[in-house]
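Working notes, beginning with the structure itself.
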Amino acid sequence: ATPTSIMVGTGRAAEMGVLFRKGDALQELSGVSVVALDKTGTVTEGRPELTDLVLADGFDRQSVLSRVAAVEERSEHPIAEAILRAARAEDAPRMTARDFETVTGHGVSARVEGAEVLVGAERMMTRAGLDIGTMSERGAELARRGRTALYAAVDGRLAAVIGVADPVKPASRAAIEALHAQGLRIAMITGDRQETAEAIASETGIDNVIAGVLPDGKVAALEELRSGSGRIAFVGDGINDAPALAHADVGIAIGTGTDVAIEAADIVLMSGDLRGVVNAFEVSRRTMRNIR
Ligand code: ADP
Ligand code: MG
């Protein structure tokens, strides 16, 4: 590879909104056979909306929403935003939380007006020794429709199943198709459950998913996806994605993502969606072809 052709290639990429932070990423990309995508904020908008709230017997909507919102007010997860918007829209009375705790990859808890409130994935509940019984099937149903299913518990009793939908970015499907046309295999890594991940995958044409991954498990998931001799690229946007971005053969950060992700990446996309990934591969192929 001549320095000149690399310079021309990175210049052409920059015009398309693809910044190569490291010159050799252009060469590395041409050897990639698997592209692994983060789900939330990469394939999907990362701006979920509350779509369902199914109450357990003996609980009323406003008081559950108030308590859950009080806990989520302290969280920075996109799910928290969805719940807060819904609570505001429904004029649920404001309550205050104390002793707030986050259990990474599981959910959140706090004391709200004397009650112990837990909100999170199924594993957040089982971790606390709670039996979610018949509500488990309601959660699975939501997940099969591509929604994230959350559970809320008040004083050790399951109070509600909450469905949150994070729409797929409009450009995701076509971008994945274009990557397929370049002979790439596309995977998705997510902390969400299997059914939710599979619904998003079939909506976008993603070949396979690794779901239920805890934030510190993304690097191991990448290794699981690495096929034989091929190189692997990872595309992500979040703080949680930084280790995987650094570990992948080529780390690609969505430009609208967090600073931590951008710093860890080899390539930064100015656009907020996957079209930039297609452009990066195209420039790389063209550049490497000129070299040979
Ligand atoms: P992802 O980035 O794929 O959403 P996370 O590791 O951040 O993965 O979260 C995994 C799961 O933990 C979420 O899908 C959700 O079920 C639960 N969770 C995390 N944070 C919260 C929160 N603030 N409120 C409710 N549930 C949460
Ligand atoms: Mg993300």
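The values are calculated or read from the model by the stated rules, or taken from the named source; none is laboratory data. The structure displayed is predicted, hence computed values, not measured ones. Please note: Cβ atoms are built from the backbone with ideal geometry, for glycine as well, and neighbour counts cover all protein chains shown.
The rows are residues; the columns are (1) buried (at least 21 other Cβ atoms within 10 Å of the Cβ); (2) more than 23 Å from Ala265 (Cα to Cα).
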| residue | (1), (2) |
| --- | --- |
| Gly129 | no, yes |
| Arg147 | yes, yes |
| Gln182 | no, no |
| Ile186 | yes, no |
| Val213 | yes, no |
| Leu222 | yes, no |
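From the list Ala80, Ala87, the lone residue that is within 16 Å of ligand 2 (Cβ to nearest atom) and not in a loop (DSSP other than H, G, I, E, B) is Ala80.
Each row is one residue, and each column tells you yes or no for (1) of a type outside the set (Gly, Ala, Ser); (2) without any contact (Cβ under 8 Å) to a residue 60 or more places away in the chain.
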{"site": "Pro48", "(1), (2)": "yes, no"}
{"site": "Asp52", "(1), (2)": "yes, no"}
{"site": "His77", "(1), (2)": "yes, yes"}
{"site": "Leu84", "(1), (2)": "yes, yes"}
{"site": "Ala97", "(1), (2)": "no, yes"}
{"site": "Glu113", "(1), (2)": "yes, yes"}
{"site": "Met125", "(1), (2)": "yes, yes"}
{"site": "Gly129", "(1), (2)": "no, yes"}
{"site": "Ser136", "(1), (2)": "no, yes"}
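Of the strands (runs of 3 or more DSSP E) entirely within segment 140-230, those holding at least 1 residues that are within 24 Å of Val117 (Cβ to Cβ) occupy 148-154, 157-165.
When segment 233-264 is filtered for residues that are more than 13 Å from ligand 2 (Cβ to nearest atom) and part of a loop (DSSP other than H, G, I, E, B), the ones remaining, listed by number, are Ala248, Asp249, Gly255.
Test Pro167 against the criterion of being surrounded by fewer than 18 Cβ atoms within 10 Å (Cβ to Cβ), within 18 Å of Leu274 (Cβ to Cβ), within 16 Å of ligand 2 (Cβ to nearest atom) and in contact (Cβ under 8 Å) with a residue 24 or more places away in the chain, and give yes or no. Spelling it out, Pro167 is indeed surrounded by fewer than 18 Cβ atoms within 10 Å (Cβ to Cβ), within 18 Å of Leu274 (Cβ to Cβ), within 16 Å of ligand 2 (Cβ to nearest atom) and in contact (Cβ under 8 Å) with a residue 24 or more places away in the chain.
Residues in segment 54-74 include at least one that is over 19 Å from Leu158 (Cβ atoms) and not assigned by TED's automatic domain parsing to the domain that holds Leu214. Does Val119 meet the test of being of a type in the set (A, V, I, L, M, F, W, C), within 16 Å of ligand 2 (Cβ to nearest atom) and assigned to a strand (DSSP E or B)? Against the criterion (of a type in the set (A, V, I, L, M, F, W, C), within 16 Å of ligand 2 (Cβ to nearest atom) and assigned to a strand (DSSP E or B)), Val119 does not qualify.
Given the conditions (1) within 12 Å of ligand 1 (Cβ to nearest atom); (2) under 21 Å from Ala149 (Cα atoms), report the number of the one that Ala201 does not fulfil. Of everything listed in (1) within 12 Å of ligand 1 (Cβ to nearest atom); (2) under 21 Å from Ala149 (Cα atoms), Ala201 misses just condition (1). Annotation note: Cβ proximity below 6 Å between a residue of segment 197-218 that is touching a residue at least 12 places away in the same chain (Cβ under 8 Å) and a residue that is among the hydroxyl-bearing types (Ser, Thr, Tyr) (sequence gap 6+ or interchain) occurs for Ala197/Thr190; Thr204/Ser172; Ala211/Thr190; Pro215/Thr104.
With respect to the conditions (1) more than 12 Å from ligand 1 (Cβ to nearest atom); (2) modelled with pLDDT of 95 or more, Ala82 lacks only one, and its number is (1). Considering each residue of segment 52-72 in turn, none proves to be within 16 Å of ligand 2 (Cβ to nearest atom) and part of a helix (DSSP H, G or I). Filtered by the rule that a residue be small (Gly, Ala, Ser) and out of contact with any helix residue (DSSP H, G or I) (no Cβ under 7 Å at 6 or more places or on another chain), segment 66-85 gives Ala70, Ser75, Ala82.
Could we say that Thr42 is within 16 Å of ligand 1 (Cβ to nearest atom), in contact (Cβ under 8 Å) with a residue 12 or more places away in the chain and either hydroxyl-bearing (Ser, Thr, Tyr) or not in a loop (DSSP other than H, G, I, E, B) (or both) here?
yes
Look at (1) within 22 Å of Ala165 (Cα to Cα); (2) surrounded by fewer than 23 Cβ atoms within 10 Å (Cβ to Cβ); (3) touching a Ser or Thr at 6+ places or on another chain (Cβ under 9 Å); (4) not polar (S, T, N, Q) and you find that Gly17 fails only one, number (1).
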